[in-house]
Amino acid sequence: MPKIGVYVCHCGLNIAGVVDVENVTEYAKSLPDVAIARSYIYMCSEPGQRMIQEDIKTHNLDRIVIATCSPRMHEETFRKTVTEAGLNPYLLEIVNLREHVSWAHSDNPKKATEKAKALVRMGVARARLLEPLEKRKVSVKKNVLVVGGGIAGIQASLDLANAGFKVFLVEKAPSIGGRMAQLDKTFPTLDCSACILTPKMVDVAKHSNVKLLTNSEVTEVKGFVGNYEVSIVKKPRYVDEKKCVGCELCTKVCPVKVPDEFNEGLSQTRAISIYSPYAVPKVATINPKHCLRLRFNKNVCGKCVEACTAKAIKFKQQPKTIRVKVGGIIIAVGSEVFNASKMSEFGYGRYKNVISNIEFERILNASGPTGGKILSTRNGESPKTVVFVQCVGSRDKRFHEYCCRVGCMATLKQAILVREKLGEDVKIYVCFNDMRAFGKGYDEFYRRARDLDVNFVAGLPSDIRSDVHGALYFDVYDRGTNKLLEIRPDLVVLANGLVPNAGIEKIGVLFHVSRSADGFLLEAHPKLRPLESVMAGIFLAGACQGPKDIPDTVAQASGAAAKVIDLLASGEIELEPLKAVVDEDLCSGCRLCESVCPFLAIEMKSENVEGAERLRAEVVEAMCQGCGLCVSACPTKAIKMCHYTDGQVLAQVQAGCLESGARGGS
Amino acid sequence: MSLTDLMSMAKPNMESREKILSKLGGGELVNCFQCLKCTSGCTALKLLELKPHEIVKLVNLGFVDELALSDIIWTCVTCLKCVQRCPQKASPYHVIMALRNLAVEREARVPEGYLKAVSRILEIGLAEAIQEVVTRRMEIFNRESLKLPKIVYPKESFQAAFMKILEEK
Amino acid sequence: MKVAVFWGCRILTNQYAYEMSVREVFPRFDAELVDLSETNCCGDPVKSVNDLAANYLAARVLALANKTGLQDLLLPCNRCHFVISEAKNVLEKNEGVGGKIVGLLREEGLEYNPSVKVWHVIDFLHDVVGLKNVKEAVQKPLKGLKLATHVGCQIIRYSDLGRVDDAENPRRLDELVGVLGAESVDYAEKLDCCGANLMQSHPDSALSLAGTKLNAVQNLGVDGLVVSCPDCGLMFDFKQKDAGTTVGAKLNVPVVYYTQLLGLALNIEKEKLGLHLNQTPVDQLLMKILP
């Protein structure tokens, strides 16, 4: 016979202001198996908790029902309360009288009280059937996989490595650095991007706790939180990393010209080259799609071999697969820039002097294709009029509905740099819808641009045209002056938004991480859990979760690292016992549960039963999130959900359907 | 009503706004965020001062009655550039068409060409009258002399149906 | 194949050259045109007066097409094509409106059929007949001819309705010109409107729009302007003189319908193509291609 204690909380006036808590408490006393029922003004307070603990000892209570606010608020608190009093924490039932009663039905106190009584009756019905459960501990690996070597991946790796964790940092490109390495200056401080990034790049490459795998990609992820098994393919560079000294003699003699990816195709590099001026590692890579010898599989050319004094060229290099075991994963694969040729009305791709913001960033950079000079391609002189057009591909139901978050600030930065480079004579216009300068120092930066005579036209152009001589012109209506302005720019920079990577779908599938409607990777909760993916043990950092600037990226990266440290530091993790459990005798091996499980938490184990091979389902506890889909799918009722058994739920349903005057049987 | 336009002392008329919203044959008027793309590219702006963004905003705030009586709503060329390029699918063209319908309903000033077209359709099914063409060599041609098929006009059943739907509320 | 054809109002009442040239060239591609009878206006001018009535008129045209038993309806006029396409969309999405209109049509013994497919001259020739077949049928390549195309507004906008060509970079008409052996020249004002819709209420503005565009085309130094809509034809061809006066320019741009050009390439006599009806100096253009 269970001995149940029922505790009804006033929650100040939050509950008691609508529900007649004394009435409910009296009613609870009358229910079978309820040994004691009390009410108190704040059950979660110290005296409230002590009251429960003393009752457990005095009255030998073995089940507790607390009628209070949402379990999301204090279930953990009360679980600790009863544990301290010697009771198993899963013998506790929380009944929600606040969100489900007083807040929802504040206009009808009488009916609210009846509902409260019914809910308490249901809670008691469940409490009778609760069973003690134990959290299970699983040992975890203190290694971490960081996917993506941009600033997010670099920052997270450094934080983890400094905390004593071993990090595998995997980067697809031949060098780490990502998007930030391409930038000239950063807003709002106008710090030189490379200057603040390269020390971190070197630190992470040199760190004894970091294994840097560039030119590599993750190909397979198996396992569960704390115990992931990851396969990584190191693509061949055709250059021995240990021998190459980064002298670039090979690049000078290579006859094959290739568009330079780092310079957004604005200049050309060679089939063998070092990825960027600040490449880490500073090792050459051969592009097999363009190298004559690799493309045609013939013993041709070989000029690089002749030139290389370190004898580092290795045409026979093969891809290498590495398998690692890690406890946690941080995905930091970044984002791409919108391809504005999709908005043909602006002429990107058709007119040479309509360029994208990222292309302009390379032009502004001293190590870029023009050595930092801004030149109009029409006449080779510097432009006299530069126009920035905002929101290209963003806030647009035809392309991407979201705001790209960085477009306004990046344009302000570029506009200020144009003024600095070209002096007073150049006219600078920014055509905008809204100017979003939301961060620390951002609006001050906006003012700085205005101080420098950057003109802000409050309106977006409908299209951009080129006359017979190739000169650009367009009309734009300005809200401020109510005038239709014709602008004849020498250079138009489109503030293209940030969009999910082309490969984001593959990443999602590889790591079993969902994506939100905008295509970026989905966080577990947009406000309260922005660093975690929906998969336990896999975290998100940087622009792959949503477009963001460098300060937010670094913050998120360090946050994700902290989450991983939190997860793995003790060497083991506790798993909530709210899991599905298979009764092997009832399992027919039909695999329905496996097919409906969204978390890959069911494995089929084959065993030999009386000479025949039989499949039985087995729940991988670490992956199971307790969603219950398998329980309802199982045709033989072989799976039960711990702490939410059919019996417990049905008892609640039965109790709920009884008249409020009735007492509710067992 | 909490809002007043101090220039004209007009107050918004939410009923009229509702009428426009229900007439709208397309577009999400309420989503307009005044980016001005429509007006920047409006074919009728330079010559006739048509500002689609302004019309959408006025309707959204409820200042519909004055617009329905105005001439500006009859200046749209129906080039559809504003529908094509609006990032929020607010479609000023559809708003203008709804305003025109409202103007006709309220018997405001309507360019007579439209009303003539309607009466001609009632009469002969076509919106235009058959013309003779004078060539650049001063010869005159019509359908018959060009051996084009004779036009057969629709019968009374069409006229009755068209009248019926015109009078439908 | 048999194709139902609905000419609208403008072609039937004054743009005869377009009708003549379409009637001449389509049979050359095994497309037999079946005229609808007792037709009504597609509803274009009525859209400004009563949207419901306009949709009814458009639906009636589709019902008349359905009466012929044919599933394809050719609409050589841009405005008919837009109005009828929008009506199809409205009837599909709005049950209330659809119900009223379908019911009213039934009273006349007409049945609305949403699966009647609408075509314009451009996409019919480009996609159904196919560029290859058009090219193969050419007997007199129009070599050396440099032309500007004007595809118009209402068959390329708005994309969500599914239009005849891309709204920002329409290429079909240019390609159709190209397979005839002529060259189509790109220009900044290509997507600008002819202004026809303003003729009845603001004629000066309408002519100004047409004149501005014609002036730009003239400055390209091309041999002519190709159109495929009777409204555009009216503005650029019939009203070129007035347009020139309005913008203060001496305009001298030969304007032809695409089907007239196609007819020439197919070696059809110019009278049959209505080339004597064009008001602009098309003789200039003809001199370049005829011996």
In nm, give the distance between the simple-model label positions of residue C:169 and residue B:21, each being 7 Å from the Cα along the Cα-to-Cβ direction.
4.0 nm
Directionally averaged projected area (convex hull, Cα atoms, the range A:74-211), nm²
15.8 nm²
Dipole of the range C:100-185, Cα-centred, from +1 at each Lys and Arg C-beta and -1 at each Asp and Glu C-beta, to the nearest 20 debye?
300 debye
Expected sort for B:5-16, B:42-53 on mean C-beta neighbours within 10 Å, highest first, is B:42-53, B:5-16
Residue mean of other protein chain beta carbons inside 10 Å, C:36-45:
6
What is the distance in Å between the Cα centres of the range A:282-307 and the range A:603-627?
51 Å
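Once you wrap a convex hull around the alpha carbon atoms of the range A:566-619, what is its projected area averaged over all directions, in nm²?
Computed as one quarter of the Cα hull surface, the answer is 5.3 nm².
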What nm distance separates the two modelled labels at residue B:164 and residue A:320, each placed 7 Å from Cα along Cα→Cβ?
8.3 nm
Roughly how big is the range A:338-498's charge dipole about its Cα centre, with Cβ charges of +1 (Lys, Arg) and -1 (Asp, Glu), in debye to the nearest 20?
300 debye
Which aspartates and glutamates, if any, have their Cα less than 13 Å from the Cα of residue A:563, not counting same-chain residues under 8 positions apart?
A:159, A:532
Inverse of mean 1/r across different Cα pairs in the range A:4-133, Kirkwood, Å:
14.1 Å
Filter the cross-link list A:235/A:325; A:384/B:57; B:46/C:190; B:19/B:46 down to pairs whose alpha-carbon distance in this structure exceeds 24 Å.
A:384/B:57; B:19/B:46
Among the trypsin sites (Lys or Arg not before Pro) in the range A:386-455, which ones are in a DSSP loop with at most 15 other Cβ atoms within 10 Å of the Cβ? Mind listing them?
A:397, A:440
Name all residues of the range B:20-47 having a backbone nitrogen under 16 Å from the label point set 7 Å from the Cα of residue A:488 along its Cα→Cβ direction, giving them as ranges.
none
Vicinal HN-Hα couplings computed from phi for the range B:89-95 (Karplus, 6.51 cos²θ - 1.76 cosθ + 1.60; Hz; Gly/Pro x)
6, 7, 6, x, 4, 5, 5
Do you know the relative contact order of the range B:14-105, to the nearest whole percent, from alpha carbon pairs under 8 angstrom that are 6+ apart?
41 percent
Dividing the alpha-carbon radius of gyration of the range C:1-44 by 2.2 N^0.38 Å, where N counts its residues, gives 1.19
So how tilted is helix B:156-167 from the main axis of chain B? Cα-based, degrees 0 to 90, rounded to 10.
10 degrees
If unit charges are put on Cβ atoms (+1 for Lys and Arg, -1 for Asp and Glu) and the dipole of chain A is taken about its Cα centre, the option from A:313, A:392, A:382 lying farthest towards the positive end turns out to be A:313
For A:606, A:382, A:341, ascending order of other Cβ atoms within 10 Å (fewest first) is A:606, A:341, A:382
Report, by chain and number, residues whose modeled amide H sits under 5 Å from the one on residue A:3, excluding near sequence neighbours (fewer than 5 apart, same chain).
A:62, A:63
Relative contact order in percent for the range A:466-605 (Cα pairs under 8 Å, 6+ apart) equals 11 percent
Pick out, from C:227, A:612, A:489, the residue whose Cα sits farthest towards the positive end of the charge dipole of the protein assembly as shown, with +1 on the Cβ of Lys and Arg and -1 on the Cβ of Asp and Glu.
A:612
Write down the percent of antiparallel bridges among all DSSP beta bridges whose residues are both part of the range A:130-267, to the nearest 5.
55 percent
How well do other chains shield peptide C:17-29, expressed as the mean number of their Cβ atoms within 10 Å of each residue Cβ?
1
Helix A:151-162 sits off the longest principal axis of the Cα atoms of chain A, rounded to the nearest 10 on a 0 to 90 degree scale, by 60 degrees
Arrange the peptides A:33-40, B:75-82, C:136-143 so that the one whose residues have, on average, the most other Cβ atoms within 10 Å appears first.
B:75-82, A:33-40, C:136-143
Please work out the Cα convex hull volume for the range C:224-291 and give it in Å³ per residue.
74 Å³
Let me spell out the model: positive unit charges on the Cβ of Lys and Arg, negative unit charges on the Cβ of Asp and Glu, origin at the Cα centre of the protein assembly as shown. What dipole size does that give, in debye rounded to 20?
3060 debye
What's the Kirkwood radius of the range B:112-167 in Å, using all Cα pairs?
13.2 Å
Those chymotrypsin sites (Phe, Trp or Tyr not before Pro) in the range A:341-446 that DSSP places in a loop and that have at most 13 other beta carbons within 10 Å:
A:438
In angstroms, what radius of gyration and Dmax does the range C:2-119 have, counting Cα atoms only?
13.9, 43
At q = 0.16, 0.23 Å⁻¹, what is the log10 ratio I(q)/I(0) for the range A:80-135, with the Debye formula run over Cα points and no solvent?
-0.59, -0.85
Binning every alpha carbon pair distance of the protein assembly as shown at 20 Å from zero, what are the percents per bin?
10, 28, 31, 25, 7, 0
Hey, how many Å between the Cα centroid of the range C:256-278 and the Cα centroid of the range A:157-207?
68 Å
First measure r as the distance between the Cβ atoms of residue A:60 and residue A:621, then evaluate 1/(1 + (r/R0)^6) with R0 = 45 Å and state the FRET efficiency to the nearest 0.05.
0.90
Relative contact order computed over the range A:316-412 (Cα-Cα under 8 Å; 6+ residues apart), in percent
15 percent
Against the longest principal axis of chain A, how steep is helix A:442-451, in degrees 0 to 90 to the nearest 10, with axes from Cα atoms?
30 degrees
How far is the Cα center of the range B:127-169 from the Cα center of the range A:425-444, in Å?
58 Å
Could you quote the convex hull projected area for the range A:338-498, Cα atoms only and averaged over all directions, in nm²?
9.3 nm²
Using the Cα atoms as the points, what is the convex hull volume per residue of chain C in Å³?
115 Å³
Amide H contacts under 5 Å for residue B:63, restricted to residues at least 5 apart in sequence or on another chain and with H modeled in the peptide plane, are B:13
Over its Cα atoms, what ratio of radius of gyration to 2.2 N^0.38 Å does the range C:131-289 give?
1.00
Each label point is 7 Å from the Cα along the Cα-to-Cβ direction; what then is the distance between the points at residue B:2 and residue A:525, in nm?
3.3 nm
What is the pair-distance distribution P(r) of the range A:187-249, computed from all Cα-Cα distances in 10 Å bins starting at 0, with each bin given as a whole percent?
15, 29, 34, 19, 3
I need the phi-derived Karplus couplings for the range A:470-482: 6.51 cos²θ - 1.76 cosθ + 1.60, θ = phi - 60°, integer Hz, Gly and Pro marked x.
x, 7, 7, 7, 6, 9, 8, 8, 9, 4, x, 9, 6
log₁₀ I(q)/I(0) of chain A at q = 0.07, 0.09 Å⁻¹, via Debye over equal Cα point scatterers, no solvent, to two decimals?
-0.65, -0.92
Which values of log₁₀ I(q)/I(0), to two decimal places, follow from the Debye formula for the range A:507-666 at q = 0.11, 0.12, 0.18 Å⁻¹ with a uniform point scatterer at every Cα?
-0.65, -0.73, -1.09
Could you compute the net charge surrounding residue B:144? Neighbours are other residues with a C-beta less than 13 Å from the C-beta of residue B:144; K and R count +1, D and E count -1.
+2
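Throughout, read-outs are computed from the coordinates displayed, never taken from laboratory work. Because the structure is a prediction, the values reported are computed rather than measured. No Cβ is skipped: glycine too gets one built from the backbone with ideal geometry, and neighbour counts run over all protein chains shown.
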